[in-house]
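One structure is given here, and the rest of the page talks about it.
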Amino acid sequence: MPAIRGPQSKSKARRHAAVRGLDLVHADLHSKKHLQQYQDTKAFEELPGGGLWYCVECAMYYESETNFGKHKKGKPHKRRVRQLKEEPYTQKEAEAAAGLTTDNGTRKVDQEMTTEVDEVEVDEVK
Ligand SMILES: [Zn+2]
């Protein structure tokens, strides 16, 4: 009997299902070879609908044209398409976001921010 609540429930399981990363899907959209390589890793007999109805953006297989059409009109698909319009982050951008940059400009900004915080604290004491 399928669980209604908990990690084994249908909705929870779907929520934690492995989703193909945006960067990989981005590569799929730009290179047919990349997509083919990914699809070759799956046996089509095991896929819903024999792997015929595949949404590249969402990396999801659908069991019929009706379901596929419905999905294409749906909110999750449109959200995904919007996300994919942005270029995936590069390693450099990720490092910059984590503050691992060697650029001295950012360090100056950090110092300015701390002085601002100090001033605010002094004002509060008065
Ligand atoms: Zn989709």
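Quick notes
- Residue list for the stretch 64-83, filter: touching a helix residue (DSSP H, G or I) at 6+ places or on another chain (Cβ under 7 Å) and within 14 Å of residue 25 (Cα to Cα): 77, 83
- Qualifying residue in the stretch 13-27 (condition: touching a helix residue (DSSP H, G or I) at 6+ places or on another chain (Cβ under 6 Å), charged (D, E, K, R) and within 16 Å of the ligand (Cβ to nearest atom)): no
- Listing of helices (runs of 4 or more DSSP H) fully contained in the stretch 34-126 that carry 2 or more residues being within 16 Å of the ligand (Cβ to nearest atom), on the phi < 0 side of the Ramachandran plot and modelled with pLDDT of 85 or more: 65-73, 75-85
- Scanning the stretch 25-40 for residues that are under 17 Å from residue 86 (Cα atoms), without any contact (Cβ under 8 Å) to a residue 24 or more places away in the chain and surrounded by 15 or more Cβ atoms within 10 Å (Cβ to Cβ) turns up just one, 27.
- The stretch 40-84: number of residues that are within 19 Å of the chain's Cα centre (by Cα) and polar (S, T, N, Q): 1
The values are calculated or read from the model by the stated rules, or taken from the named source; none is laboratory data. Since we're looking at a predicted model, the values are computed, not measured. FYI the Cβ positions are ideal-geometry reconstructions off the backbone, even for glycines, and counts take in every protein chain you see.
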